[in-house]
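Worksheet: the structure to be examined is printed underneath.
The values are calculated or read from the model by the stated rules, or taken from the named source; none is laboratory data. Fair warning: this is a prediction, and the values are worked out from it, not measured in the lab. Glycine also receives a Cβ, built like all others from the backbone with ideal geometry; neighbour counts cover every protein chain displayed. Note: areas computed on protein heavy atoms with side chains; ligands, DNA, RNA excluded. Shrake-Rupley method; radii C 1.70, N 1.55, O 1.52, S 1.80 Å.
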Amino acid sequence: MSSEAKTLTKGIQKVSLFEKIKPHAELIAAGLSGVLIIAGWLFDKYGQGVDSIIAYLLAFVIGGFAKAKEGIEATYENKELNVEMLMIFAAIGSAIIGFWTEGAILIFIFALSGALETYTMNKSHKEISSLMELQPEEALLLVNGLEKRVPVSELQVGDHILIKPGERVPSDGMIIKGHTNIDEAAITGESMPVSKSSDEEVFAGTVNLTGAITVQVTKASSDTLFQKIIQLVQSAQSEKSPSQLFIERFEGTYVKIVLLVVLAMFFLPHFLLGWSWHESFYRAMILLVVASPCALVASIMPATLSAISNGARHGILVKGGVHLENLSRLGAIAFDKTGTLTKGKPEVTDVIVMEGLDRESLIWKAASIENQSNHPLAQAIVKYAKQTFKKDLLHPDFLEDVPGWGIKAKIKGEQWKIGKAAFVSQDVDNFADGKARELALQGNTLVFIEINGELSAMIALKDVVREETKLAIDHLKKQRIKTVMLTGDSEKTARAIAAESHVDEFFAECLPETKVDHLKELKTKYQTVAMVGDGINDAPALAIANVGIAMGEGTDVALETADIVLMKNDLPRISEAVRLSQRMNRIIKQNVIFSISVIMLLICSNFFQFIDLPFGVIGHEGSTILVILNSLRLLKS
């Protein structure tokens, strides 16, 4: 190997080592500081005074550098003193009066609590890092039948890319050739692979398992669902909750008050209580340590970040602490029907065929006719037939689409009509002993089939309620949250779906603006209200709700407007998010009460001369560490 190559290899190894050490730098610095404190104490014990001071000075510099730098920069930028500056003053003051060990211990524990806070931050950023690792950097572009490997960022909408078995999908797109199984766990959390073929969507970051597929790119690399997930997590980590903002505003004023009280304590006890100058200065230094609101400042942000991180790991993406806080105060939650409580696509629920006719043959021919239509009801009938009979469909001899009514066709010499009740020639109310009325009351849409002028069959279709909907609604009811359904459907259909999904109340025939009006009424009645939706028409209601919750498979507008996104379209996750919010607020309350109590106890003990500097340091900084450790409990499921 040449000398240049060796130098380059060493450089790469050094960079790699530095990158590995960097996240743990504060913890390593705190550890070195602790070792130096022990060395200083041993030097002091065996009469090596100068060596002990050098060891303590090194402990000050190594342990306190990160926090001192952070404090000085923040003071310069905000033109306001902060907790870090208080700690610097306290450590320097301790050294001035000869308490080198106590000052060094103060720096050590402060550095340790800072390292724990950084660990919390790194833990919350881990979701982004792991997501980014799933994003491929290159794609196999097809140009005039030739393969060309290009950076993903250079892909354009409309490009054709080849994805081989075992490769990650580099961009959102539509399969135009091939059949495969896709592992979509990175996007939906679903562990079972999904079978995909022509005209079906694939998402960036998912894994192509079995077959080679050609995909047409439908979104730029910056607009993929995958990138939106990353952006949502990033925005959540940067947005602060109202509690955190209050603490930060309170911190600046509190620090000024503490410094004024400490300054007064240098003189007043000497003149009013007869303390010696040394005692006054010593007690002032202890006050500087114990009155610093470190634990109070660390009460909220680590807890919020831990909760957001926990949610992201379970497919609940929260865009900021404020929304997570609001969840615990929910009085009511409104749901859009289509695509939220229901699957969003009609499914065949019942087929009634006139006696004497072959059921299989009739459905098969009906599906052959409906296969020529793009109407959602027609496609649902085709899907039902294909799943039931597993055989190829016929081609009608003649076909006429009658917009808004149905379809006429001729197949195997028979004249067919398929469509609404008014489209067929007979009275449908008496068909199958009045079964039509019963099915309509259950929220079904009815399609009638007439063969050679005779009413022969009836197919009932319904946008069926998701299997998990009832479970989700029941969980929310147990949490004493009012559940409301908002839908554009008719009163009859809405009533049937509301009963099936277990919601407390429903509003039918809602336009986007009437959904907003209902949300305003609910906010007046219940104060804090959430809205769950997935479509463009839900965006205004999502925006006006205290907490907007979007389904992960919803439209881009819904995803961008919402405050929380359920990546797995899993409604029971809402109840989990509420419980997570309640846990977070409970832990924040514990932290705040505990930290204020410790500060008050230490201040009183200092004034009555019950506590010395070492115990003041341990009590104050120990409470900060306990508060952060308590917050880290939120990382657990």
Here the alpha-carbon Rg of segment 323-451 over 2.2 N^0.38 Å rounds to 1.34
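Ordered by packing density, taken as the mean number of other Cβ atoms within 10 Å over each peptide's residues, highest first, how do 159-166, 375-382 rank?
On the way: 159-166: 16.6, 375-382: 19.8.
Going from most to least packed, we get 375-382, 159-166.
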At a temperature of 4 °C and a viscosity of 1.567 mPa s, determine how fast segment 247-311 diffuses translationally according to Stokes-Einstein, using the Kirkwood radius over alpha-carbon pairs as Rh; express D in µm²/s, rounded to the nearest whole number. 94
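Show me the chymotrypsin sites (Phe, Trp or Tyr not before Pro) within segment 388-477 that DSSP assigns to loop and that have at most 16 other Cβ atoms within 10 Å of their Cβ.
Details: sites: Phe389, Phe398, Trp405, Trp416, Phe423, Phe431, Phe448; in loops: Trp405, Phe431.
Those that pass, being in a loop and sparsely packed, are Trp405.
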Proportion of all alpha-carbon pairs of segment 321-396 beyond 14 Å (%): 70
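Sort 344-351, 144-151 by packing, meaning the average of other beta carbons within 10 Å per residue, with the highest value first. Don't skip to the end; give the middle numbers.
Working: 344-351: 18.4, 144-151: 9.5.
Taking the mean over residues of other Cβ atoms within 10 Å, the ranking is 344-351, 144-151.
Taking square-rooted eigenvalues a ≥ b ≥ c of the alpha carbon gyration tensor, is segment 459-584 rounded, prolate or oblate, where a/c under 1.5 means rounded and, failing that, a/b exceeding b/c means prolate?
Details: a/c = 1.30, a/b = 1.17, b/c = 1.11.
Rounded, since a/c falls under 1.5.
Taking 0.36 nm per residue of sequence separation and subtracting the Cα-Cα distance, how much length would be gained by fully extending the chain between Glu355 and Leu57, in nm to one decimal?
Using 0.36 nm per residue and subtracting the Cα-Cα distance, I get 97.5 nm.
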Sites Asp433 and Leu511 - FRET efficiency at Förster radius 51 Å, r taken between beta-carbons, to 0.05: 0.85
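What's the whole-number percent of alpha carbon pairs in segment 57-116 lying beyond 18 angstrom? Don't jump to the answer; show the numbers that get you there.
On the way: 530 of 1770 pairs.
When all Cα pairs of segment 57-116 are counted, 30 percent exceed 18 Å.
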Using a cut-off of under 20 Å, list every residue of segment 304-335 whose amide N is near the label point 7 Å from the Cα of Leu471 along the Cα-to-beta-carbon line. 311-317, 335
Could you work out the equivalent-ellipsoid semi-axes for segment 333-377, taking the square root of 5 times each eigenvalue of the Cα gyration tensor, largest first, in whole Å? 31, 15, 6
If I take every Cα pair under 8 Å that is 6 or more residues apart in segment 347-491, average their sequence separation and divide by the length, what percent do I get for the relative contact order? 22
Per-q log10 I(q)/I(0), segment 400-489, q = 0.14, 0.17, 0.20 Å⁻¹ (Debye; single scatterer per alpha-carbon; no solvent): -0.65, -0.79, -0.96
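If you count only protein heavy atoms with a 1.4 Å probe, what accessible area per residue comes out for segment 404-465, rounded to a whole Å²?
Values: 2800 Å² over 62 residues.
With the other protein chains kept in place, segment 404-465 gives 45 Å² per residue.
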Ranked from the most accessible area to the least, with a 1.4 Å probe and all protein chains present, what is the order of Asp570, Asp397, Asp172? Asp397, Asp570, Asp172
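Among Tyr282, Tyr384, what's the order by accessible area (1.4 angstrom probe), most exposed first?
Numbers: Tyr282 15, Tyr384 60 Å².
Ranking Tyr282, Tyr384 by accessible area, largest first, yields Tyr384, Tyr282.
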For segment 572-634, the Cα gyration tensor yields equivalent-ellipsoid semi-axes (√(5λ), largest first, whole Å) of 34, 11, 4
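Ranked by accessible surface with a 1.4 Å probe, highest first, in what order do Ile449, Ile618 come? Mind showing how you got there, number by number?
Values: Ile449 0, Ile618 95 Å².
From most accessible down to least: Ile618, Ile449.
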Chain lengthening between Lys69 and Gln216 when straightened (0.36 nm per residue, less Cα-Cα): 47.9 nm
Quickly work out the Lys164-to-Ile618 label distance, labels modelled 7 Å from Cα along the C-beta direction, and quote it in nm with one decimal. 6.4
Carbon and sulfur atoms account, in whole percent of the 1.4 Å probe accessible area of segment 285-382, for 48
Beyond a 25 Å Cα-Cα separation, which of these cross-linked pairs lie in this structure: Lys477/Lys523; Lys345/Lys568; Lys462/Lys520; Lys482/Lys515? Lys462/Lys520
To make sure I understand the rule: partners must be aspartates and glutamates, Cα under 13 Å from the Cα of Lys383, and not fewer than 8 residues away in the same chain. Which ones qualify? Glu347, Glu370, Asp392
Give the accessible area for Glu73 in Å² (nearest 10); use a 1.4 Å probe, count only protein heavy atoms, and leave out ligands, DNA and RNA. 80
Quote the relative contact order of segment 492-637 in percent (integer), defining contacts as alpha-carbon pairs under 8 Å separated by 6+ residues. 12
Kirkwood Rh, Cα Rg: Rg to Rh for segment 438-493? 1.19
Cα→Cβ-extended label distance, 7 Å offset, between Lys383 and Tyr76, nm: 6.1
On a full-extension model of 0.36 nm per residue, what is the gain between Trp405 and Val143, subtracting their alpha-carbon distance, rounded to one decimal in nm? 89.8 nm
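Can you tell me, using C-alpha contacts under 8 Å and at least 6 residues apart, the relative contact order of segment 270-418 as a whole percent? Show your work: numbers first, answer last.
Values: 100 pairs, mean separation 17.0, N = 149.
The value is 11 percent.
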